[in-house]
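Step one of this worksheet: look at the structure below.
Only the coordinates and a few stated rules stand behind these numbers; no lab work does. All values derive from a computational prediction rather than experimental measurement. Note that each Cβ is placed from the backbone with ideal geometry, even for glycine, and that neighbours are counted across all protein chains shown.
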Ligand code: HEM
């Protein structure tokens, strides 16, 4: 089978996570947001990440779209320290799905993959898959400091399907797109 990397085609995830959280961090005196390891900021200010070859440990009955990149947020003299890596979109047979990513919370926190959102509907319009209403799971709430409630909305997620990959697998995607 030919992988996305070999064929030169892949998907691009575009997501702001939760804009109000990003605006809050940006407004802190020492607030910082950083993108690295494959993540970039697109022309609309969203995080953009390219797809990554599917790892072997994902379930077979779901379609899993895997992306590579790291986003981190800092503030309040280091008390606010959240690092998010490599989001996966798990699409289930019923049209819904979940979002998981590797979370590191706090300066000494461990890293682990958590399901941070779930959704009832993913709409495909031409080459774009739109997840309009990803809702926070309790792990998603915990990831952002237990401020929101389970069921609260993250920002919409947009995935551009099968776009031509102009750069090598290990290079960050171009910015702006
Ligand atoms: C010194 C510790 C902290 C203080 C004094 C603090 C203070 C505040 C204040 C005053 C707000 C309301 C801001 C507004 O409405 O404009 C807020 C919102 C918020 N804080 Fe913190 N915070 C602290 C730590 C944290 C940590 C560790 C997190 C976890 C990542 C966090 C996540 C949030 C979130 C998600 C919001 C809501 C942002 C929104 O959507 O409007 N905070 N915080």
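Take every Cα-Cα distance within region 63-111, group them into 5 Å bins from 0 onward, and report for each bin the whole-number percent of pairs it holds.
5, 20, 22, 17, 14, 11, 7, 3, 1
I need the per residue convex hull volume for region 98-149, using only the alpha carbons, in cubic angstrom as a whole number.
82
Which distance in nm do the two modelled labels at residue 41 and residue 138 give, with both placed 7 Å along the Cα-to-Cβ direction?
Label-label distance for residue 41 and residue 138, simple model: 3.5 nm.
If you count, for each residue, the other Cβ atoms within 10 Å and average over each peptide, how do 145-153, 127-135 line up from highest to lowest?
127-135, 145-153
Stokes-Einstein at 37 °C, 0.692 mPa s, Kirkwood radius from Cα pairs: D for region 64-147 in µm² s⁻¹?
Reported coefficient: 240 µm²/s.
Pull out the extension gain between residue 34 and residue 72, defined as 0.36 nm times the separation in residues minus the alpha carbon to alpha carbon distance; nm, one decimal.
Roughly 13.2 nm would be gained on extension.
If I model a spin label as a point 7 Å beyond the Cα along the Cα-Cβ vector, how far apart are those points for residue 108 and residue 152 in nm?
Each label point is offset 7 Å from its Cα along the Cβ direction, giving 2.7 nm.
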